[in-house]
Amino acid sequence: MKKYKILDLFAGVGGLSYGFYHNENFEIIAANEIDKDAATAYKMNHKNVEMFNMDIADFNINLFRDVCKDENIDIIIGGPPCQSYSTLGKRKMDDRANLYLQYDRILKEFNPKFFLFENVKGLLSMDNGNLLPKIIEVFSENGYYIDYKVLNAVDYGVPQIRERVILVGSKSDKKFIYPDQTHGENSLFLKPFITVEDAISDLVGLKSGEEKTDYSKEAQNEYQKNMRIVISEEEKLKEHSVSTHNINLIKLMEAIPDGGSPIDVIEELRPTSGYGNSYCKLWWKQPSTTLTRNFGTPSSARCIHPVDSRALTTREGARLQSFPDYYIFYGSRTNKNLQIGNAVPPLLSKAIAKKVIEYMNQM
């Protein structure tokens with residue numbers, strides 16, 4: 001059986017790679033990632049993929065050939081760092097905002113049949129709405145037919161509202177068909193959205209400073225079963241620990257109701273600084289809002305555990321992104337959370353990979 005060969009750029013910890021790596025129709029030959037800890041974690045989860053841990057400006061086809069001895073890449077996937085485009089960030093047209101030009105350079109060098117470029121929804125409005133048409137124009141000059149669509153991870157079984165621009169380019173003018181929504185609300189034809197409760201209720205409840213390496217109960221639903229499917233009884237749960245919070249923060253979090261914010265508590269408990277979505281709790285019976293790289297910090301965008309009144313653990317963040325429990329992250333707690341918060345949810349990547357193989361087989 002022919003396997004389509006893939007190069008993953010800006011690979012991070014491997015969220016976008018996941019759906020292709022676990023599909024027998026693809027073979028990921030190599031990946032590029034500048035962050036050392038993320039590159040280490042990627043390699044730990046994709047042992048047979050050659051990792052080029054370097055600035056993308058230093059990566060090129062000659063280096064690839066020297067190491068991989070294989071110049072026939074069929075597909076390139078990846079998305080540059082999104083901080084410059086994110087509506088939660090400073091949205092500057094800085095060097096990171098122009099990394100699509102490095103992606104374009106590598107497209108020219110490898111000339112794959114198909115590519116997939118992923119980024120945050122904020123890309124649509126960046127530079128007064130001028131950046132995306134500019135990117136499309138640049139990519140089209142390489143002979144690619146371009147299409148894009150905004151996909152929301154929650155529509156594909158991820159317990160999190162997370163919108164991403166998925167831009168594809170093909171040497172064929174055949175239209176790419178994006179995956180159909182599988183989950184929704186109040187629908188006879190769709191599965192219900194996966195909630196925070198659905199995703200993490202089998203993990204032991206924790207207080208400030210605590211850690212557990214086992215589950216609190218048997219898997220309660222299909223999502224939890226899938227997250228735990230390769231964890232044996234002898235293997236311990238990793239990354240389920242809480243940083244230590246001060247007493248005033250604990251009192252604030254305990255006073256905030258499910259899905260609430262500091263405005264819902266008495267004034268003397270309210271923090272004196274923060275943004276409108278700082279120190280806010282998730283809803284237990286709704287999908288999570290978009291996780292950021294700082295989801296382990298209560299003062300960050302809505303990320304307080306709705307029941308335990310504490311920061312989310314690294315493993316809970318991974319669950320809300322749909323990373324299975326065996327998945328390894330590397331470095332400090334902050335770096336591990338960064339790897340998770342920056343990733344494409346694996347279940348979204350699986351849905352996309354299925355449509356890519358259908359498309360490639362018809363080219």
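The values are calculated or read from the model by the stated rules, or taken from the named source; none is laboratory data. This is a predicted model, so every value here is computed, not measured. Counting neighbours? That spans all protein chains shown, and the Cβs are built from the backbone with ideal geometry, glycine included.
Quick notes
- The set of residues in region 263-293 that are crowded, with 20+ Cβ neighbours inside 10 Å and either free of Cβ contacts under 8 Å to residues at least 40 places away in the same chain or not in a loop (DSSP other than H, G, I, E, B) (or both) comprises TYR279, CYS280, LYS281, SER288.
- Which numbered condition SER17 fails, given (1) surrounded by fewer than 18 Cβ atoms within 10 Å (Cβ to Cβ); (2) within 20 Å of PRO81 (Cα to Cα); (3) of a type outside the set (Val, Ile, Thr): (1)
- Scope region 301-334; condition out of contact with any Cys (no Cβ under 9 Å at 6 or more places or on another chain) and in a helix (DSSP H, G or I); matching residues: THR314, ARG315, GLU316, ALA318, ARG319, LEU320, GLN321, ARG333, THR334
- Enumeration of residues in region 335-363 that are aliphatic (A, V, I, L, M) and either within 20 Å of GLY296 (Cα to Cα) or not in a helix (DSSP H, G or I) (or both): LEU338, ILE340, ALA343, VAL344, MET363
- For region 100-120, the set of residues classified as of a type in the set (A, V, I, L, M, F, W, C) and under 17 Å from TYR148 (Cα atoms) consists of PHE114, PHE115, LEU116, PHE117, VAL120, listed by residue number.
- Residues in region 133-161 that are out of contact with any Lys or Arg (no Cβ under 9 Å at 6 or more places or on another chain) and closer than 23 Å to THR292 by Cα: LYS149, ASP155, VAL158, GLN160, ILE161.
- Scanning region 149-160 for any residue that is closer than 16 Å to ILE352 by Cβ, touching a Cys at 6+ places or on another chain (Cβ under 8 Å), assigned to a strand (DSSP E or B) and in contact (Cβ under 8 Å) with a residue 24 or more places away in the chain turns up nothing.
Condition check ((1) out of contact with any strand residue (DSSP E or B) (no Cβ under 6 Å at 6 or more places or on another chain); (2) modelled with pLDDT of 95 or more; (3) assigned to a strand (DSSP E or B); (4) surrounded by 11 or more Cβ atoms within 10 Å (Cβ to Cβ)) across all residues:
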position	(1), (2), (3), (4)
VAL168	no, yes, yes, yes
SER172	yes, yes, no, yes
ILE177	yes, yes, no, yes
LEU188	yes, no, no, no
ALA199	yes, yes, no, yes
LEU206	yes, yes, no, yes
